[in-house]
Amino acid sequence: MNEQRNLLLAIVVSVAILFGFQLVFSPRTMLPDEENEPAQTGITQTPTRDFVQSPPNDREDLSVPVDPSAERTVLLEEAARIPINPHEEGAAISGSIALKGARIDDVVLNRYQEEIEPNSPRIVMFSPLETALPYYADFGWVVDQGIEIELPDGETIWSADRDKLIPSQPVKLSWQNGQGLRFEREIAVDENYMFTITDRVINDGTRSLLLYPYGLISRTDEPDTLGFFILHEGPLGVFDGTLQELTYDDLRDNPAETVQSTGGWIGITDKYWLAALIPDQNIPMTGRFYYTNTGSREKFQVDYLLEGKPLAPAGRIEVTNRLFAGAKVVTLLDQYESDFGIARFDLAVDFGWFYFLTKPLFYLIHYLTGYLGNIGLAILSVTVIIKLIFFPLANKSYTAMSKLKKLQPEMMKLREQFGDDKVRLNQEMMALYKREGANPLAGCLPIVIQIPVFFALYKVLFVTIEMRHAPFYGWVQDLSAPDPTSIFNLFGLLPYTPPEFLAIGLWPLAMGFTMWLQQKLNPAPPDPTQARIMMLLPVVFTFLFARFAAGLVIYWTWNNVLSILQQWVIMRRMGVRA
């Protein structure tokens, strides 16, 4: 009996430790700045792939002086730019494209704010090279090492055929190198976050060339990350159908890593935002994760190089690639995956090990949200559905617990009679279980089976942007954030803001209370020490869950209430005092 009790206790405490570790796990710390030359070990070394060894813009990017106090808006106004979606009501993004370098380096997500307050600034996705935190995408061509030909770079001034970029009007940029080559770049954007970039080169000269298309995303300095071990933030990509994820620290340790693939994508992800390069899915590519450090600034870069395209005199070549820069809306990623054949694009959302559970749960919540009009109500409905699915298992669990509770007086008598003889006590206990048809382990197994479902739902609520800033009712205006109230300032009545570890809101208190109430319905452990530990668990879980997303706490509380009702009905039916 003690071993079985210890098994259940170990499971509960393990879950508590896991959540506690996630709660207090500190963000990854940046290494101190130092001179760090890219290691050459493992880098693809082919004569025609000099780009893979020395990407465009590396040297100039890190040599540009950055004034952290410089106003982003002023810098944008001073440069010649093509605005994106100017004065477009309800546009998903706005921003501009620099005519110098033809970079996509100014993207603002109009539908998302930094904070929940109405006057909070919009999310800035990309920023130009001269700003405090440069983050941009660039496309172009390179040639074999040793061939001297002028190609467009970060200093090239392009001309444009339009004065704005909107979904119904692509912009065509053009530039001539004075050596017989004309370069054209057509940039289109859809109603959401996908750019389509078509690069052309027309050869008006007499020289044959082999040009290689490339795309890159460059980010200066590591952004603020949550540092949770269950959430990936940083470089990632899908190559030949396989997801590869690297942390910022991984790149510091191994500054250049390449991978070959046909199709797929490569990018940099935050919790809710993604910048991803999507090359032509039918052309072999060399993808690369790259890092440089000048001692004062770090740069993290992802890029790809496609196979070379021969350009004969009087000929022309063309390549079409894409750039995603926006919010990781699951339905939108799935739509792009279907429309453009992008392999596993939905893996940009970190659904985790329980993908086969997490994604279906997301779509169930998404469907119910559309039907009920509130994601909080959808969570409550999903809880009921999960309870119905596990109803037979839960019935077995609660029936077993009820039998044990009914047998508790006899168990205590046996403990008093054979307390000093552990072997005889266990024999008498097993005989009692066999005689009454009770199975102590039957109450544990259904709980263990449901743990993956809980983690999958936790993942959905934690990583999907649909939960971000989603309101519930009453004081909960953001289901992705912790309950904003606290018992230690009388839920806002006192002009005092308690420290974070004391911010115990109403929903965490309700969760702890329902957990305690459910515990009272179960048979108490015969061992006094175990009983005291079990009594402390509702208090421990209340503090742990206080900093979890309110949506998860609401789910857990509602789940407890449904469990209590189900268990109470079973106990009454079996004649056990509840």
If a residue has to be in contact with a Phe, Trp or Tyr (Cβ under 9 Å, 6 or more places away or on another chain) and charged (D, E, K, R) to count, how many in segment 272-298 make the cut? 2
What are the residue pairs meeting all of these: first residue in segment 70-90, first residue under 18 Å from Ile187 (Cα atoms), second residue open to solvent by 70 Å² or more (accessible area, probe 1.4 Å) and outside any strand (DSSP E or B), Cβ atoms under 8 Å, and 6 or more apart or on different chains? Ile82/Arg162; Ile82/Asp163; Pro83/Asp163
Cross-chain or 6+ apart pairs with Cβ under 6 Å, segment 548-561 first and part of a helix (DSSP H, G or I), then aliphatic (A, V, I, L, M) and open to solvent by 20 Å² or more (accessible area, probe 1.4 Å): Thr557/Ala510; Trp558/Leu380; Asn560/Met515
Residues of segment 297-316 being open to solvent by 10 Å² or more (accessible area, probe 1.4 Å) and under 29 Å from the mean Cα position of the chain (by Cα), which ones? Arg297
Could you grab me the full set of residues in segment 192-243 that are over 22 Å from Asp334 (Cβ atoms), among the charged types (D, E, K, R) and touching a Lys or Arg at 6+ places or on another chain (Cβ under 9 Å)? Asp199, Arg200, Asp204, Arg219, Asp221, Glu222
Can you find even one residue in segment 156-167 that is buried (at least 17 other Cβ atoms within 10 Å of the Cβ), under 19 Å from Thr320 (Cα atoms) and of a type outside the set (A, V, I, L, M, F, W, C)? no
How many residues of segment 279-331 are of a type in the set (Val, Ile, Thr) and assigned to a loop (DSSP other than H, G, I, E, B)? The answer is 3
Does segment 192-232 hold any residues that are of a type outside the set (Ser, Thr, Tyr), open to solvent by 10 Å² or more (accessible area, probe 1.4 Å) and closer than 28 Å to Val349 by Cα, and which are they? Asn192, Arg219, Asp221, Glu222, Pro223, Asp224, Leu226, Phe228, Phe229, Ile230, His232
Every residue in segment 84-108 that is in a strand (DSSP E or B), buried (at least 18 other Cβ atoms within 10 Å of the Cβ) and not polar (S, T, N, Q), please. Ile84, Ile93, Gly95, Ile97, Ala98, Ile104, Asp105, Asp106, Val107, Val108
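Identify all residues within segment 236-267 that are acidic (Asp, Glu) and out of contact with any Leu (no Cβ under 6 Å at 6 or more places or on another chain); write none if there are none.
Of the residues in segment 236-267, the ones acidic (Asp, Glu) are 240, 245, 249-250, 253, 257.
Within segment 236-267, Asp240, Asp249, Asp250, Asp253, Glu257 meet the criteria.
The values are calculated or read from the model by the stated rules, or taken from the named source; none is laboratory data. Just so you know, these numbers come straight off a predicted model, no measurement behind them. So basically every Cβ, Gly included, is an ideal-geometry build from the backbone, and we count neighbours across all protein chains shown. Only protein heavy atoms, including side chains, enter the accessible area calculation; ligands, DNA and RNA are left aside. Shrake-Rupley method; radii C 1.70, N 1.55, O 1.52, S 1.80 Å.
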